[in-house]
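Step one of this worksheet: look at the structure below.
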Amino acid sequence: MPGNFHEIPDDVAAAWPDPNYDNPRNHRAWLPEFAIVFLAVSTILVAGRLYERGMKRAGGWGLDDVLISSGWLFSCGLSVVACIDGAWYGLGRHTWDVRPEWYSGAALMGWLAQVLFLTSTCCTKCSVLLFYRRMVKDTGRWKYAIWTAIGLTAAYWLGFLLAYCLICRPLDAYWLSYNQGYDEPFQCIHGDVLTIFVGVLSVISDVYVVVLPFVILQSFDLEVPRRQKVALDIIFSLSIIVAGAGIARTYYLWKINRTYDTSWVGFDLFTWSLVECHLAIIFACAPSLRAFIRRYLGESLSRRFTSSLSNSKQTKSNTTPREGEERLAPSDTKEEAAAPKGPRIGVSIEHDSDGSLRTNSSDAEPAIRNAEDYELYNLRQLDKHGRMRSNTSESISQYHGDTKKRHDVDSAV
């Protein structure tokens, strides 16, 4: 049979449990959410890259932007196919829990997924290679190495796209032949070798695209500062994850051709295809977002650091006494610090029997603890000095009176 579905022998089908179409056991139904999350992240990064290029903050528009946008569009198609296959055609169920009338739709989703994955990853790889082309000079061996890689990637895409389109004659027999009523004559090639060959070449191209920038970064042709070289090294190192996802996908391509439980193994194949496809786009956009990260996140972090440093200096200046000033004890409150400076003498406030306030001062220990105590202390001082002035005035008046009397007496004499 065409595709990755095989004729199930009677002895294998007899060993399977009874089908449970309505409430299947071990049903993995989280693939749509998984696909949507990856699609959202790649969409944000592609939009950020195009915005930065449009604002002339990360270079001008180029063919690499067109290719990464195309790769993103085909990755959207792959995500939609994964969601449809998981929701309506039994992806993530065991084959014995998949309704026979779903087989045709599942085969169509599988064919579409292969074409979309192939096109998306090839567009992304060519976009990355063109980005490398921006980093090197117009002449030199690296220009030819990059253009050769782009040419091989384009030939790889075109060759396998034709193979997928010619896998059956007519092509729709690839999925329609699973319908029980389909009786049209058709011819299909065996897809096992084709899918494995595609997976292996995809991994080889992934490794080439990952290794090439490390070689370029060590070249004298590179026209970027050393600090940017380190940043690019980190970004390109993360691209190894894409190659790892490609290896996992190739393994499940091999496994799905050797099992009758294709809908169950196909779930893992779809999962790793989504991971490889979207991670390739994410890491391809990361270098172009350096300006965005430096401008927005860098300024935000800088403001926070400056504010924290300023607050630290202000706190230090408030707690460090100047020359001639007294250091505040740790137990002093803000009200004490804000209160006017004055003599720190002991003041005890009592009430007389008539309700008036009486203060007793002692120079032994300070007793002013807040602004209210200080205010009462000042009132007491004013009252005390008022009585002193009153007594002094009386003494002066008495003195002048006595003098006048003496003067009168003297005049009389």
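Got at least one residue in the stretch 157-171 being touching an Asp or Glu at 6+ places or on another chain (Cβ under 8 Å), crowded, with 16+ Cβ neighbours inside 10 Å and in the same structural domain as LEU279 (by TED's automatic domain parsing)?
No, the stretch 157-171 contains no residue that is touching an Asp or Glu at 6+ places or on another chain (Cβ under 8 Å), crowded, with 16+ Cβ neighbours inside 10 Å and in the same structural domain as LEU279 (by TED's automatic domain parsing).
Look through LEU289, LEU279, LEU297 and report the one residue that is at pLDDT 70 or above and either of a type in the set (Gly, Ala, Ser) or in a helix (DSSP H, G or I) (or both). Lay out the reasoning, then the answer.
Working: LEU289 fails: at pLDDT 70 or above; LEU297 fails: at pLDDT 70 or above.
Of LEU289, LEU279, LEU297, the one residue that is at pLDDT 70 or above and either of a type in the set (Gly, Ala, Ser) or in a helix (DSSP H, G or I) (or both) is LEU279.
Just to be sure, is LEU91 in a loop (DSSP other than H, G, I, E, B) and under 30 Å from ARG169 (Cα atoms)?
In short, yes.
Before we move on, is GLY86 surrounded by 14 or more Cβ atoms within 10 Å (Cβ to Cβ) and assigned to a helix (DSSP H, G or I)?
Working: surrounded by 14 or more Cβ atoms within 10 Å (Cβ to Cβ): yes; assigned to a helix (DSSP H, G or I): yes.
So GLY86 fits the description; yes.
Condition (residue is in contact with a helix residue (DSSP H, G or I) (Cβ under 7 Å, 6 or more places away or on another chain) and without any contact (Cβ under 8 Å) to a residue 24 or more places away in the chain) applied to the stretch 19-26: is it met by at least one residue?
No, the stretch 19-26 contains no residue that is in contact with a helix residue (DSSP H, G or I) (Cβ under 7 Å, 6 or more places away or on another chain) and without any contact (Cβ under 8 Å) to a residue 24 or more places away in the chain.
Yes/no per residue for (1) small (Gly, Ala, Ser); (2) in contact with a helix residue (DSSP H, G or I) (Cβ under 7 Å, 6 or more places away or on another chain); (3) free of Cβ contacts under 8 Å to residues at least 40 places away in the same chain:
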| site | (1), (2), (3) |
| --- | --- |
| LEU31 | no, yes, no |
| ALA40 | yes, no, yes |
| ILE44 | no, no, yes |
| GLY54 | yes, no, yes |
| ILE68 | no, yes, no |
| GLY71 | yes, yes, no |
| VAL81 | no, yes, yes |
| ASP85 | no, yes, no |
| ASP97 | no, no, no |
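Going by what's in this entry, would THR124 be described as β-branched (Val, Ile, Thr), part of a helix (DSSP H, G or I) and in contact (Cβ under 8 Å) with a residue 24 or more places away in the chain?
yes
If I ask for residues that are exposed (fewer than 15 other Cβ atoms within 10 Å of the Cβ) and aromatic (Phe, Trp, Tyr), which ones from the stretch 117-156 would you list?
TYR144, TRP147
Only one of these conditions is not met by THR262: (1) in contact with a Pro (Cβ under 6 Å, 6 or more places away or on another chain); (2) at pLDDT 85 or above; (3) under 29 Å from ALA40 (Cα atoms). Which number is it?
Among (1) in contact with a Pro (Cβ under 6 Å, 6 or more places away or on another chain); (2) at pLDDT 85 or above; (3) under 29 Å from ALA40 (Cα atoms), the lone unmet condition for THR262 is (1).
Any residue that is over 34 Å from the mean Cα position of the chain (by Cα) and either over 24 Å from VAL203 (Cα atoms) or assigned by TED's automatic domain parsing to the domain that holds PRO19 (or both) - is there at least one of those in the stretch 128-138?
yes
How about the stretch 45-64: which of its residues are within 22 Å of the chain's Cα centre (by Cα) and either part of a helix (DSSP H, G or I) or modelled with pLDDT of 85 or more (or both)?
LEU45, VAL46, ALA47, GLY48, ARG49, LEU50, TYR51, GLU52, ARG53
Any chance the stretch 95-106 includes a residue that's outside any helix (DSSP H, G or I), assigned by TED's automatic domain parsing to the domain that holds PRO185 and surrounded by 21 or more Cβ atoms within 10 Å (Cβ to Cβ)?
Of the residues in the stretch 95-106, the ones outside any helix (DSSP H, G or I) are 98-99.
Still in the running and assigned by TED's automatic domain parsing to the domain that holds PRO185: 98-99.
Now restrict to residues that are surrounded by 21 or more Cβ atoms within 10 Å (Cβ to Cβ): 98.
Yes: the stretch 95-106 contains one or more residues that are outside any helix (DSSP H, G or I), assigned by TED's automatic domain parsing to the domain that holds PRO185 and surrounded by 21 or more Cβ atoms within 10 Å (Cβ to Cβ).
For PRO19, state whether it is assigned to a loop (DSSP other than H, G, I, E, B), modelled with pLDDT of 90 or more and not hydrophobic (A, V, I, L, M, F, W, C).
Spelling it out, PRO19 is indeed assigned to a loop (DSSP other than H, G, I, E, B), modelled with pLDDT of 90 or more and not hydrophobic (A, V, I, L, M, F, W, C).
The values are calculated or read from the model by the stated rules, or taken from the named source; none is laboratory data. Quick caveat: nothing in here was measured; it's all calculated off a predicted structure. FYI the Cβ positions are ideal-geometry reconstructions off the backbone, even for glycines, and counts take in every protein chain you see.
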